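*Asks:* Mind having a look at this structure? Questions to follow.
The values are calculated or read from the model by the stated rules, or taken from the named source; none is laboratory data. If you're wondering where the values come from, they're calculated on a predicted model, not measured in any experiment. Using ideal geometry, Cβ is built from the backbone for each residue, glycine included, and neighbour counts are taken over all protein chains shown. These accessible areas exclude ligands, DNA and RNA; they are computed on the full protein's heavy atoms, side chains included. Shrake-Rupley method; radii C 1.70, N 1.55, O 1.52, S 1.80 Å.
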Amino acid sequence: MTARERNSALIEAIIADGTLTDAALVDAFRSVPRHLFIPEHGALTSSGGALNAAGNPDRWLAAVYADDAIVTRIEGPEVTRRRGGDRDPATSYSSAPTVLARMLELARLANGQRVLEVGTGTGWNTALLAHRLGDGAVTSVEIDDRLLGAARSALHDTSLSPDTRLADGYDGFAEAAPFDRIVSACGVRRVPDAWLDQLTDDGLIVCPWGRLESAGVLMRLERTEAGGSGAVGRFHGGVGFVPLRTPGSAPPPVRDAGQQPDEYRLTQTDPVTPMLDFASAFALSVMVPDWRMRRRWIGTGSGMWLCDSRGDSWVRVYPYGTAWMIEQGGPRSIWDEVEEALAAWSGLGEPDPDRFGLVVGSDGEQRVWLDDPEGRSWPVGSPG
């Protein structure tokens, strides 16, 4: 199949499943093919397979028009393989086409709106926005100069010229504010104050939100009152994401550093599945503060490693015969908090992520709510 045929088939599939409904967005997706924005070499499939248009053009094109993300930038100078398929974290990727369609549909785009895109990335979403609203309506900021240069070149080749700037998206872009819409494929753990400050009174923010990258959701946030600083929004289904870079030093890596535990515990109940199942993992990310997770591969099988943001408190989980061993150390008993949260989530009827949302108070406090912004809620901590 040619690129045009693959693009057409992909779009028809996204229309058929009800994801893409706006006629103007359909036209944008038809007119701005994805392959023009994917590097011909150096990119990876979401499972880590190398893509090279010159060496294997059919495989490259098939990957480009699969409904999946493509990694276009890896943290660090080299892409290194690790046992169990782990790689260094992606810092940029081309979002799956269905994810972009969901985001843009949630944004309720209309002619005359001005949009800030946070994270130019490959430039494909930038191009879709520019085609839909016009070049002059779109400002896109990117923190990585190499990514921005490649995106500008791709945009030029498609005869589109939105305003693209080298800037830190965490700060928005006050020079061109206010914006009717702020969209970002980068995920946030806490909505930056600058985004809310630069939004019009009836504006919307659409982006991934999540405390865990493996349990992210799409969020649409809107003002609660004209001229105020409050906002409220609901979560709309799961999504993977690359986190927005935030101020301050990066947290230490989530890895087993070989510490000696303060506590050992054997259990016959599988502790790993609730941490990987989307609904329960999302609930845990909301209800247990300040923790991160990574899969851990050892001789007895697949386990996991949990720690707080500083790495002071930690949990090691691994198979032990027909049971599971849980070890934890540090000032916090993180696994006790996890068990308490799982019990609380079960007591609430195991609500799905779509029943949750985010509220930003007039004082800037951010909380995740369940079923009603005025109902039960949990505080959102710092952006780190």
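*Asks:* Which of the three applies to the chain, rounded, prolate or oblate, going by the alpha-carbon gyration tensor with a ≥ b ≥ c and a/c under 1.5 meaning rounded? Can you show the working numbers first?
*Replies:* Details: a/c = 1.89, a/b = 1.33, b/c = 1.42.
The shape class here is oblate.
*Asks:* Something else now. Could you pull out the trypsin sites (Lys or Arg not before Pro) across region 301-384 that fall in loop regions by DSSP (anything but H, G, I, E, B) with no more than 15 other Cβ atoms inside 10 Å? Walk me through the intermediate numbers first.
*Replies:* On the way: sites: Arg310, Arg316, Arg332, Arg355, Arg367, Arg376; in loops: Arg310, Arg332, Arg376.
Taking region 301-384 and a limit of 15 other Cβ atoms within 10 Å, the loop trypsin sites (Lys or Arg not before Pro) found are Arg310, Arg376.
*Asks:* Further question: Whole number in Å², please: accessible area per residue of the chain, 1.4 Å probe, ligands, DNA and RNA not counted.
*Replies:* Working: 16930 Å² over 384 residues.
Result: 44 Å² of accessible area for each residue.
*Asks:* So, one more: Considering only DSSP beta bridges with both partners in the chain, what is the antiparallel share in %, to the nearest 5? All intermediate terms of the calculation are to be shown ahead of the outcome.
*Replies:* Numbers: 57 of 76 bridges.
Among the beta bridges of the chain, antiparallel pairing accounts for roughly 75 percent.
*Asks:* Which residues' amide hydrogens lie under 5 Å from the amide hydrogen of Phe179, considering only partners 5 or more residues apart or on another chain, with H built in the peptide plane?
*Replies:* Residues meeting the amide H criterion: Leu199, Thr200.
*Asks:* Between Gly187 and residues 5 or more places away or on another chain, which pairs have amide H atoms under 5 Å apart, with H built 1.01 Å from N, and which residues are they?
*Replies:* Under 5 Å from the amide H of Gly187 lie the amide H atoms of Val242, Leu244, each far enough along the sequence or on another chain.
*Asks:* Average projected area of the Cα convex hull of region 250-359, in nm²?
*Replies:* Working: hull surface 31.0 nm².
Value for region 250-359: 7.7 nm².
*Asks:* If you don't mind, another one. Please report the spacing between the Cα centers of region 290-354 and region 168-195 in Å, no decimals.
*Replies:* The two parts, judged by their Cα centres, are 33 Å apart.
*Asks:* Work out from phi, with θ = phi - 60° and the Karplus expression 6.51 cos²θ - 1.76 cosθ + 1.60, the ³J(HN,Hα) of each residue of region 26-36, listed in order in whole Hz, and give x for Gly and Pro.
*Replies:* 4, 4, 5, 5, 5, 8, 10, x, 5, 5, 6
*Asks:* For a test of the definition: using alpha carbon positions, the gyration tensor, and the 1.5 limit on a/c, classify region 189-307 as rounded, prolate or oblate. Intermediate results must be reported in sequence, preceding the final value.
*Replies:* On the way: a/c = 3.01, a/b = 2.18, b/c = 1.38.
Judged from the Cα gyration tensor, region 189-307 comes out prolate (a/c at least 1.5, a/b above b/c).
*Asks:* Return the loop-located GluC sites (Glu not before Pro) in region 1-73 (DSSP other than H, G, I, E, B) with at most 16 other Cβ atoms within 10 Å of their own Cβ; answer none if there are none. It would help to have the intermediate numbers written out before the result.
*Replies:* Details: sites: Glu5, Glu12, Glu40; in loops: Glu40.
Passing both the DSSP loop test and the Cβ count: Glu40.
*Asks:* I'd like the carbon and sulfur percentage of the solvent accessible area for region 144-241, probe radius 1.4 Å, heavy atoms only, ligands and nucleic acids excluded. If you can, show how the numbers build up before the last one.
*Replies:* Values: 1680 of 3810 Å².
Result for region 144-241: 44 percent of the exposed heavy-atom area is carbon or sulfur.
*Asks:* Right, something else. With a cut-off of at most 15 other beta carbons within 10 Å, and DSSP calling the residue loop, which GluC sites (Glu not before Pro) in region 207-309 qualify? Please list them.
*Replies:* Working: sites: Glu213, Glu222, Glu225, Glu263; in loops: Glu225.
Qualifying residues, ordered by number: Glu225.
*Asks:* For region 276-384, give the percent of accessible area contributed by carbon and sulfur heavy atoms, probe 1.4 Å, rounded to a whole number. Don't skip to the answer; put the middle values down first.
*Replies:* On the way: 2320 of 4690 Å².
Using a 1.4 Å probe with all protein chains present, region 276-384 comes out at 49 percent carbon and sulfur.
*Asks:* Amide H to amide H, which residues 5 or more places from Gly303 or on other chains are under 5 Å from it, using H placed in the peptide plane?
*Replies:* HN-HN under 5 Å from Gly303: Arg296, Trp297, Ile298.
*Asks:* Taking the Cβ of Ser377 as the center, what net charge do the other residues with Cβ under 15 Å away carry, scoring Lys and Arg +1 and Asp and Glu -1?
*Replies:* +1
*Asks:* What is the angle, in °, between the Cα long axis of helix 3-16 and the longest principal axis of the Cα atoms in the chain? Nearest 10 is fine, range 0 to 90.
*Replies:* For 3-16 against the chain, the angle is about 60 degrees.
*Asks:* Shape of region 92-210 from its Cα gyration tensor (a ≥ b ≥ c, root eigenvalues): rounded if a/c is under 1.5, otherwise prolate when a/b > b/c, or oblate?
*Replies:* Values: a/c = 1.30, a/b = 1.22, b/c = 1.06.
Taking the square roots of the gyration eigenvalues as a ≥ b ≥ c, region 92-210 is rounded.
*Asks:* Calculate for the chain the 222 nm mean residue ellipticity that helices alone would give, adding -39,500 (n - 2.57) per DSSP H run of length 4 or more and normalising by residue count, nearest 500 deg cm²/dmol. Mind showing how you got there, number by number?
*Replies:* Values: 10 runs with 97 residues, N = 384.
Calculated from helices alone, the mean residue ellipticity at 222 nm is -7500 deg cm²/dmol.
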